[in-house]
1. Per residue of the range B:136-146, what does 6.51 cos²θ - 1.76 cosθ + 1.60 with θ = phi - 60° give for ³J(HN,Hα)? Whole Hz please, x for Gly and Pro, Karplus curve as stated.
2. Distance between the C-alpha centers of the range B:15-66 and the range A:85-138? Whole Å please.
3. Convert each backbone phi in the range A:10-27 into a coupling constant with the Karplus relation 6.51 cos²θ - 1.76 cosθ + 1.60 (shift: θ = phi - 60°), then list the ³J(HN,Hα) values in order as whole Hz, x for Gly and Pro.
4. Counting alpha carbon pairs within less than 8 Å and at least 6 residues apart, what relative contact order, in whole percent, applies to chain B?
5. Using a label point 7 angstrom from Cα along Cα-to-C-beta, what distances in nm, from shortest up, separate A:Leu26 from the other copies?
6. Sticking with the crude label model, points 7 Å out along Cα→Cβ, report the distance from A:Leu26 to B:Arg93 in nm, one decimal please.
7. Can you give the helix-only mean residue ellipticity at 222 nm for the protein assembly as shown, where every DSSP H stretch with n ≥ 4 adds -39500 (n - 2.57) and the sum goes over all residues, rounded to the nearest 500 deg cm²/dmol?
8. Within 10 Å of each Cβ in peptide B:41-52, how many partner chain Cβ atoms are there on average? Round it to a whole number, please.
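Just so it is clear, none of the values below were taken in a lab; they were calculated from the coordinates. Nothing here was measured: the structure is a model prediction, and the numbers come from that model. Every residue, glycine as well, gets a Cβ built from its backbone with ideal geometry; the counts of neighbours run over all protein chains shown.
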Number of protein chains: 2
Amino acid sequence: MGDLEIRAVVADDIPAVVGMLADDPLGAQRECPDDLAPYLVALERLSSDPNQHLMAAVREGQVVGTLQLTIIPGLSRRGATRSIIEGVRIHARERGSGLGTQLIQWAIDESRRQGCQLVQLTSDTSRTEAHRFYERLGFTASHVGFKLPL
Amino acid sequence: MGDLEIRAVVADDIPAVVGMLADDPLGAQRECPDDLAPYLVALERLSSDPNQHLMAAVREGQVVGTLQLTIIPGLSRRGATRSIIEGVRIHARERGSGLGTQLIQWAIDESRRQGCQLVQLTSDTSRTEAHRFYERLGFTASHVGFKLPL
């Protein structure tokens, strides 16, 4: 396989990125790849926020993975800054290639570079394979994640 | 009890807020109320970020509660914005007073006002009372929360 580049998502990537968000058991019910307008509005907001890093993994000109890294300053843990990883997706044809590990490792390295003392993420309780993946990368399943739709 | 005000934390509140962060089974090991300098640096960073809302609940001039609300734009769920609640603390003498509910309700209302479609938070697996509290407020324990200290 060709070299991998991990870089910020730009507007031209949105069809491929939204395609990956939708190509997922949970995402299929939540995404709308036929109408990209709300995603392009969201990208503008993300791109203008220095604490947001919406990334694309690109191989041979194709977007094959994505994640969102958010840097969150905070008061607790002696004024620690933490990061949160959201929206991790790997293209179907790249699964098992080690790309997920490379993307999460990028997020960990970038968090360290930005002075974070903690990286956190939540994963739907149904994604048991993902849980084993994160534990192999050194994460601890120490918390319960609560959500409230508005 | 007197009226409650929920407003942004200012530097003069830091001793009281850090005292609450430390007055907690987990916080006692992580906080350092004898050296407020790192907390004051973190407050400056928080105060300059329009997506951060570090709040104090104040009754009769005393800080009796705190939480941090972070607004996170995103691409998934059709470009949905979500919010994350962190660092919820209620002063020992206010526990059971309904203040926790008022603070979380403030965060839910503010999230709605800012156009969020989802509020989320994680709670240490050991905080079983807190879990029941969030479920009573309508949150669903749908996720596993992973953390990696750096």
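1. 4, 7, x, 6, 10, 7, 8, 10, 9, x, 10
2. When both Cα centres are located, 30 Å separates them.
3. After applying 6.51 cos²θ - 1.76 cosθ + 1.60, I find 10, 4, 5, 7, 4, x, 5, 5, 5, x, 5, 4, 7, 8, 6, x, 7, x Hz.
4. 18
5. Going from nearest to farthest copy, the values are 2.0 nm.
6. Spacing of the two 7 Å Cα→Cβ label points: 4.3 nm.
7. Numbers: 12 runs with 104 residues, N = 300.
Helix contribution divided over all residues of the protein assembly as shown: -9500 deg cm²/dmol.
8. Numbers: counts 3, 9, 3, 2, 5, 6, 1, 1, 6, 1, 5, 4.
Shielding by partners across B:41-52 averages 4.
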